[in-house]
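Quick notes on the structure that follows.
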Amino acid sequence: MNVFRLAGDMTHLSSILVLLLKIHTIKSCAGISLKTQELYALVFITRYLDIFDRFTSIYNFLMKLIFLGSSLSIVWYMRRHKAVHRSYDKDQDTFRYQFIVLPCLLLALVINHKLTFKEVMWTFSLYLEAVAILPQLVLLQRTRNIDNLTGQYVFLLGAYRALYLLNWVYRYFTEPGFVRWITWIAGLVQTLLYADFFYYYILSWKNNVKLELPA
Amino acid sequence: DEQLDVKDEL
């Protein structure tokens, strides 16, 4: 494991902790898209179907458990916890699942390494992760007042993807034969989706003003 | 297929 991969994972973990902090201590999920959170839960469930029969390391195993547990608990909080649920911007969170899930499923059935259930589900999870942020970005654009924790959450998620790109560049040059087209292209698309957000996030940080995305 | 055995990332 290289430093970019570790930094990427830690950034990913931090983003989830920031979100849990907001939900658990402030009891608010204002500005957070439940659709995106449910898509992430689906991403982890379909990607880690091999959690009990493909062991790579204790680190990977524990991280998989953490990602599964945290994503499911976030969805639970937003749906079932009374105070948290009240703060959910339901009317603004209108992105339709089927626009994301169906194309990803079709693409995974067509472009994959092997046409088996687990392999297609794994590929589906990569495509789905790439675009799962879309409902969140749409919601951000509609939110007049983006609070700091929400802004940080999305920034950390984007940073995690950027660090994974660096990890792949590093691995390409240090590990002979390290080529993973499906992972790379899905990862690149995912990172590009954050470009616009990054631009406004850094601008607001530099000028020390509240983050607001143009409509 | 080599690609199938390299799921060492999260």
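Computed from the coordinates by the stated procedures, all read-outs in this text should not be read as laboratory data. Bear in mind that the values here come from a model prediction, so they are computed numbers and not experimental data. Positions of Cβ are generated from backbone atoms using ideal geometry, with glycine treated the same way; all protein chains shown enter the neighbour counts.
Brief remarks on what is shown
- Inter-label distance, A:Lys114 to A:Thr174: 2.8 nm, where each label sits 7 Å from its Cα along the C-beta direction.
- Helix A:117-131 axis, angle to chain A major axis (alpha carbon atoms, nearest 10°): 40
- Once the C-beta distance of A:Asn145 and A:Leu106 is scaled by a Förster radius of 45 Å, the resulting FRET efficiency is 0.75 to the nearest 0.05.
- Chain A: angle of helix A:34-47 to the longest principal axis, Cα-based, in degrees nearest 10: 10
- Pairs beyond 22 Å (Cα-Cα), from A:Lys22/A:Lys206; A:Lys35/A:Lys114; A:Lys64/A:Lys118; A:Lys27/A:Lys90; A:Lys22/A:Lys210: A:Lys22/A:Lys206; A:Lys35/A:Lys114
- Working from Cα pairs under 8 Å separated by at least six residues, relative contact order for the range A:69-215 is 24 percent.
- Cα gyration tensor shape for the range A:1-60, rounded if a/c is under 1.5, else prolate or oblate: oblate
- Note on A:Ile26 and A:Leu165: their simple-model spin labels are 2.8 nm apart, each label 7 Å out from Cα toward Cβ.
- Point-to-point label distance, A:Met63-A:Asn208, nm (Cα→Cβ direction, 7 Å offset): 3.7
- Angle between chain A longest axis and helix A:58-80 axis [Cα atoms, degrees, rounded to 10]: 30
- Positive minus negative residues near A:Thr36 (Lys, Arg vs Asp, Glu; Cβ under 11 Å): -2
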